[in-house]
Amino acid sequence: MAQTLKRIDAGPLRIEALYPRASRYDTPRQRAAKQKASSEAQRRINQIHSFEELELMLAVNFPTPGSAWVIVLTFDDAHMPKSRAEAQRRAKYFRQKLAAAYKAAGVPLPVVFWAPEVLTSATGRWHFHIVITNTGHDLDIIRRCWIYGSDVEANKLRVDAEKNHETLARYMTKELRECQDYADKPGLHGWSCTRNAKRPETETLTVPDDFKLTPPAGCTVLIDEKRQTEWASYHVIKYRFGWVVGHAPRAKRRRVRRD
C-alpha cells in the first residue's frame, strides 16, 4: 500500500498534499473512493497554487526582508495613458530602458515583477506596482528610467506578521477582483515578471501508507485541511518557516520513491 505526496517549495513557503494511490487489490468501490479523494486533493492544491501563484513567486525570489524594493510608479497628467494597452506599451518601454541602464552600469538585470492598476473611480490614475531585487543601485536607475512622471514611491520589502508576501500579492492583484476589465476578460493577466525569475519547485513522491503530514516544528501553519471517508482520505497543508528566514530547510523524510 502507498500514498502520493505532492510538495511545492517556494522559499520560506511550502504546500503539501497527501492522497491515496490505487492498488490492483482494491475493490471497485475502494478504487472509486481513492480516485475521488485523489481528484479532490489535486483540485484543492491547484486552487491554492492558482490563487496564490504570485505569493509563491514573490517568496521564492525575495525570501527575506529588504531583499527587494516595493515601488509604485505613477503617470503624470502629461503622460496619462488612454487605455490599458497604451499603459502596457509604456511599461514595456520602461523595462527596456531599465535593462539598458543596468547593462550600462555593469549590473545584471534584477528580477522584476510588475502589475498595472487604475482606480475605477472618475479620478483614477494609471500606475504600476513594481517589485525589484534590491541590488543597492536601484532607486536612482528607476527614477531616471521612469520618464512618465516624478511620483515614485519606494519601500523595502517587509516579511513579518503584518506585511509579507501574501499581503503584497493581494495588494498587487486587487484589480483582478475590482476592475471591470478583468471581470469581462477572465484570461487577462494581472501581473508579469522577467524571465530570470525563479519558479517554485514541485515534486511528487510515493510514500508508505502510514505516512502522515506533519509541519516542521517552529513553522506557522496557514492551511490544514483534511477529508476522510470510509475508504479514502486526503490532507493538504500550507506553512511558512518563520517570518524572517531565508530559504526553507528541507524537512526530514521517510524512505520514498520518486515517480
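Assorted remarks:
- Candidates Y93, Y25: the one that is at pLDDT 90 or above, surrounded by fewer than 18 Cβ atoms within 10 Å (Cβ to Cβ) and out of contact with any helix residue (DSSP H, G or I) (no Cβ under 6 Å at 6 or more places or on another chain) is Y93.
- Filtering the range 61-89 to residues that are surrounded by fewer than 18 Cβ atoms within 10 Å (Cβ to Cβ) and assigned to a helix (DSSP H, G or I) leaves D77, A78, H79, R84, A85, E86, Q88, R89.
- Scoring L56 on the criteria (1) farther than 30 Å from G136 by Cα; (2) in a helix (DSSP H, G or I); (3) at pLDDT 65 or above leaves a single failure, condition (1).
- Residues that are touching a strand residue (DSSP E or B) at 6+ places or on another chain (Cβ under 7 Å), surrounded by 12 or more Cβ atoms within 10 Å (Cβ to Cβ) and either under 18 Å from R143 (Cα atoms) or modelled with pLDDT of 90 or more (or both) do not occur anywhere in the range 96-108.
- Test: residue in the range 59-76 that is at pLDDT 90 or above and acidic (D, E): yes
- Flag: F113 matches the condition of being in contact with a strand residue (DSSP E or B) (Cβ under 7 Å, 6 or more places away or on another chain), surrounded by 13 or more Cβ atoms within 10 Å (Cβ to Cβ), at pLDDT 85 or above and in the same structural domain as T173 (by TED's automatic domain parsing).
- Boolean, I147 is in the same structural domain as D76 (by TED's automatic domain parsing), outside any strand (DSSP E or B) and of a type in the set (V, I, T): yes
The values are calculated or read from the model by the stated rules, or taken from the named source; none is laboratory data. From a predicted model like this one, the values you see are computed outputs, not experimental measurements. Because the Cβ atoms are built from the backbone with ideal geometry, glycine has one as well, and the counts that use them run over all protein chains shown.
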